[in-house]
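Here the structure comes first, spelled out in structure tokens, and everything after it is commentary.
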Amino acid sequence: MTPDSPLTEQLGDIERALRAELSQAQNEDALEDVRVRFLGRSGEITAVRRTIGKLPAGERPGAGRIINDAVAEYETLFERRREELAREALEERLRQAIDVTFPGIPPLVGSIHPIRRTMDDLLAYFERRGFAVVVGPEIESDYNNFDALNIPPDHPAREGLDSFYLRPDLVLRTHTSPMQIRVMQRNPPPLAIVVPGRVYRRDALDARHLYAFHQIEGLLVAPGVHLGHLKGALTGMCREVFGPQQSVRFRPSFFPFTEPSAEVDTTCPACGGAGCRTCGGSGWIELGGAGMVHPSVLREVGYDPDVVNGWAFGVGIERVAFTRHGMDDIRAFVENDPAVLEQLA
């Protein structure tokens with residue numbers, strides 16, 4: 001079959017028309033329309049194949065080969081155009097998404113959790129005054145958590161409804177006070193420690209209570225220690241975290257491991273003691289309990305209460321952070337909503 005045969009000319013016309021159509025196709029859908037029109041079951045090439053039977057018998061085998069070679073060339077043209085369109089689409093996306101002249105987007109940087117920040121501030125205050133920071137296990141013996149702290153077997157706190165027992169002699173500690181026993185049993189007086197850590201109680205979850213929360217325990221044992229030292233230490237602590245205007249008051253209370261015992265309040269940071277919604281109109285915020293170490297506790301660890309005495313306190317860290325940040329729901333500390341934590345940071 002000669003190069004200027006009718007079939008060759010017809011295929012050349014189809015190729016020129018195909019190239020023109022491909023140059024006009026600007027997306028994948030348009031490209032597919034062109035492919036169907038030229039190479040589809042009812043397309044231009046199919047129409048050409050149907051004319052083979054009209055050719056002289058000697059030209060028919062060569063005609064099929066020529067058509068197949070043309071189809072291979074057309075498919076190459078399609079693939080090239082498809083690659084061009086993909087490259088153009090990528091370049092357009094890059095032009096829209098990236099402008100190297102714009103300043104970079106600052107990365108998101110985390111911050112210390114407000115509970116940890118409050119804990120660190122409280123510990124720093126006592127460390128500067130010579131107190132050692134000690135930590136202990138969250139699973140405690142019934143003896144360290146209750147017996148050694150002068151809490152009798154019939155005390156409500158020892159019931160399963162108030163404490164998380166793992167077995168009859170093991171409990172998730174209900175306070176950080178067991179570390180008083182551990183430290184005093186291992187060390188002679190004088191000593192001064194603070195104990196941060198998580199504690200567990202069977203409290204109903206609400207805006208002011210969690211069943212797992214944090215405390216900081218303070219203990220000072222030495223000859224001549226009195227309640228005035230305790231009040232001075234706690235007043236300084238409150239001024240450290242709330243500001244220099246803070247005052248502290250002691251309200252008589254009862255704890256089995258201290259005598260005398262007191263509930264510790266500080267002036268409401270939100271209203272300065274005038275009374276507001278945060279403090280319920282009283283002008284005071286309750287922080288925790290404190291008192292002089294009970295002589296029975298000193299005897300239990302081998303100390304002589306006639307020679308040394310001491311004070312102890314326990315403060316809820318969530319309660320301090322709750323007040324410090326002017327929050328109305330303590331559960332926000334454990335729900336870890338990024339928006340809330342970012343605001344507190």
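The values are calculated or read from the model by the stated rules, or taken from the named source; none is laboratory data. The model shown is predicted, which means the values in this text are computed figures rather than measured ones. Every residue, glycine among them, receives a Cβ derived from its backbone with ideal geometry; neighbour counts consider all protein chains shown.
State yes or no: is E15 surrounded by 14 or more Cβ atoms within 10 Å (Cβ to Cβ) and either free of Cβ contacts under 8 Å to residues at least 24 places away in the same chain or closer than 30 Å to L90 by Cβ (or both)?
Details: surrounded by 14 or more Cβ atoms within 10 Å (Cβ to Cβ): yes; either free of Cβ contacts under 8 Å to residues at least 24 places away in the same chain or closer than 30 Å to L90 by Cβ (or both): yes.
It is true that E15 is surrounded by 14 or more Cβ atoms within 10 Å (Cβ to Cβ) and either free of Cβ contacts under 8 Å to residues at least 24 places away in the same chain or closer than 30 Å to L90 by Cβ (or both).
Quick test of your reading of the structure: H294 fulfils all but one of (1) touching a residue at least 40 places away in the same chain (Cβ under 8 Å); (2) surrounded by fewer than 20 Cβ atoms within 10 Å (Cβ to Cβ); (3) over 30 Å from the mean Cα position of the chain (by Cα). Name the failing condition by number.
Exception for H294: condition (2).
Which of the residues spanning the range 18-45 are within 21 Å of R65 (Cα to Cα) and either loosely packed, with under 13 Cβ neighbours inside 10 Å or at pLDDT below 75 (or both)? Spell out how you get there, then give the answer.
Initial filter on the range 18-45 (within 21 Å of R65 (Cα to Cα)): 18, 35, 38-45.
R41, S42, listed by residue number.
Residue-wise test of (1) over 17 Å from L230 (Cα atoms); (2) at pLDDT 90 or above.
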residue: D265; (1), (2): no, yes
residue: E300; (1), (2): yes, yes
residue: G310; (1), (2): no, yes
residue: V340; (1), (2): yes, no
residue: L344; (1), (2): yes, no
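In the set F313, F257, which member is closer than 27 Å to D120 by Cβ, in contact with a Gly (Cβ under 7 Å, 6 or more places away or on another chain) and either hydroxyl-bearing (S, T, Y) or assigned by TED's automatic domain parsing to the domain that holds A207 (or both)? Give the derivation first.
Details: F257 fails: in contact with a Gly (Cβ under 7 Å, 6 or more places away or on another chain).
Criteria check complete, one pass: F313.
If the requirement is being among the β-branched types (V, I, T) and touching a Ser or Thr at 6+ places or on another chain (Cβ under 7 Å), which of these qualifies: V199, V225, V194, V221?
Values: V225 fails: touching a Ser or Thr at 6+ places or on another chain (Cβ under 7 Å); V194 fails: touching a Ser or Thr at 6+ places or on another chain (Cβ under 7 Å); V221 fails: touching a Ser or Thr at 6+ places or on another chain (Cβ under 7 Å).
Unique residue meeting the criteria: V199.
Might you check whether a residue that is within 21 Å of L230 (Cβ to Cβ), outside any loop (DSSP other than H, G, I, E, B) and of a type in the set (V, I, T) occurs anywhere in the range 150-171?
No: zero hits.
So S282 passes all but one of these: (1) of a type outside the set (F, W, Y); (2) at pLDDT below 85; (3) part of a loop (DSSP other than H, G, I, E, B). Which condition number does it fail?
With (1) of a type outside the set (F, W, Y); (2) at pLDDT below 85; (3) part of a loop (DSSP other than H, G, I, E, B) applied to S282, the lone miss is (2).
Residue under question is M184, and the condition is that it be among the hydrophobic types (A, V, I, L, M, F, W, C), closer than 17 Å to P256 by Cβ and either under 34 Å from the mean Cα position of the chain (by Cα) or not assigned by TED's automatic domain parsing to the domain that holds G310 (or both); does it hold? Walk me through how you get there before you give the answer.
Working: among the hydrophobic types (A, V, I, L, M, F, W, C): yes; closer than 17 Å to P256 by Cβ: yes; either under 34 Å from the mean Cα position of the chain (by Cα) or not assigned by TED's automatic domain parsing to the domain that holds G310 (or both): no.
No; evaluated as a whole, the condition is false for this residue.
From the list I216, I193, which residue is in contact with a Leu (Cβ under 6 Å, 6 or more places away or on another chain), within 21 Å of P305 (Cα to Cα) and part of a strand (DSSP E or B)? Let's see the steps before the verdict.
Details: I216 fails: within 21 Å of P305 (Cα to Cα).
Testing whether each residue is in contact with a Leu (Cβ under 6 Å, 6 or more places away or on another chain), within 21 Å of P305 (Cα to Cα) and part of a strand (DSSP E or B) leaves just I193.
Matching residues to (1) surrounded by 15 or more Cβ atoms within 10 Å (Cβ to Cβ); (2) outside the structural domain of G316 (by TED's automatic domain parsing):
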position	(1), (2)
P106	no, yes
M119	yes, no
R128	no, no
F131	yes, no
D147	yes, no
N150	yes, no
